[in-house]
Amino acid sequence: MEVEPYQFEPTVSEEESSASDDSSDVFSDDVNEDRIGHVEWCICGNCVPMHTGRESTCCRENAKSCDKIPPAMSCVTDNENFNAVCTNPAVIETAFNQYLENEGPIDDESLNEYVCITFTYRYVAYRQYTYWIHKKLGRKIRIPIPSCVVKQIRESFPSEGGNYKGFEYAH
Ligand SMILES: [Zn+2]
Ligand SMILES: [Zn+2]
């Protein structure tokens, strides 16, 4: 079976740029465009404005992530297991190594791109989240990662220079 290193890659959206907020037609197939640039749609209180409407989703909008919100808490990131699964460096490093072994071998050209795009652990952390919540990646249906989760993972594994690719889908 041919190995496709990116078969579970997230859709990579435009590189984020704090300098420009013009909406371009890159996101013309976006949903919830009226959510861009604010967090009025957030119920949990931890979401941040996202660059696309598709990424502008709250943990409280998904029944499965709601199930992981501890009683009397408001956000899925309040679940202590969230940090154990998604932001613990040793866990993410281990999952990253496992991912490389499962998806490899990766040819040089792909490796370049791989290093550029997913060398940090954020991508693996998003996969961890999706496995934790949904138990599978969902190869056909893209499951967006809630904004509050994206925020926590970005803070745990910050990008050098502050540029983030759109990894908000776990495959
Ligand atoms: Zn929220
Ligand atoms: Zn939340």
**Prompt:** Within the stretch 63-78, which residues are in a helix (DSSP H, G or I) and free of Cβ contacts under 8 Å to residues at least 60 places away in the same chain?
**Reply:** ALA63, CYS66, ASP67, ASP78
**Failed condition for TYR129, given (1) at pLDDT 80 or above; (2) surrounded by fewer than 23 Cβ atoms within 10 Å (Cβ to Cβ)** = (2)
**Prompt:** Can you tell which of SER24, SER110, SER18, SER74 is at pLDDT below 95, of a type outside the set (D, E, K, R) and surrounded by 11 or more Cβ atoms within 10 Å (Cβ to Cβ)?
**Reply:** SER110
**Prompt:** Tally time: how many residues in the stretch 52-62 are out of contact with any helix residue (DSSP H, G or I) (no Cβ under 7 Å at 6 or more places or on another chain), surrounded by fewer than 21 Cβ atoms within 10 Å (Cβ to Cβ) and outside any helix (DSSP H, G or I)?
**Reply:** 1
**Item:** Pair list, Cβ < 6 Å and 6+ apart or interchain, from the stretch 46-61 residues that are farther than 16 Å from ASN79 by Cα to residues that are surrounded by 23 or more Cβ atoms within 10 Å (Cβ to Cβ) and of a type in the set (A, V, I, L, M, F, W, C)
**Value:** SER56/MET50
**Message:** Give me the residue from the stretch 79-107 that is more than 17 Å from the chain's Cα centre (by Cα), free of Cβ contacts under 8 Å to residues at least 24 places away in the same chain and assigned to a helix (DSSP H, G or I) and, out of that set, farthest from ligand 1 (Cβ to nearest atom).
**Reply:** GLU101
**Request:** Please verify whether the stretch 49-58 includes one or more residues that are within 16 Å of ligand 2 (Cβ to nearest atom), at pLDDT 90 or above, aliphatic (A, V, I, L, M) and within 13 Å of the chain's Cα centre (by Cα).
**Result:** yes
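The values are calculated or read from the model by the stated rules, or taken from the named source; none is laboratory data. All figures in this text were calculated on a predicted structure; none of them were measured in a lab. In this analysis, Cβ positions are derived from the backbone assuming ideal geometry, glycine residues included, and neighbour counts consider all displayed protein chains.
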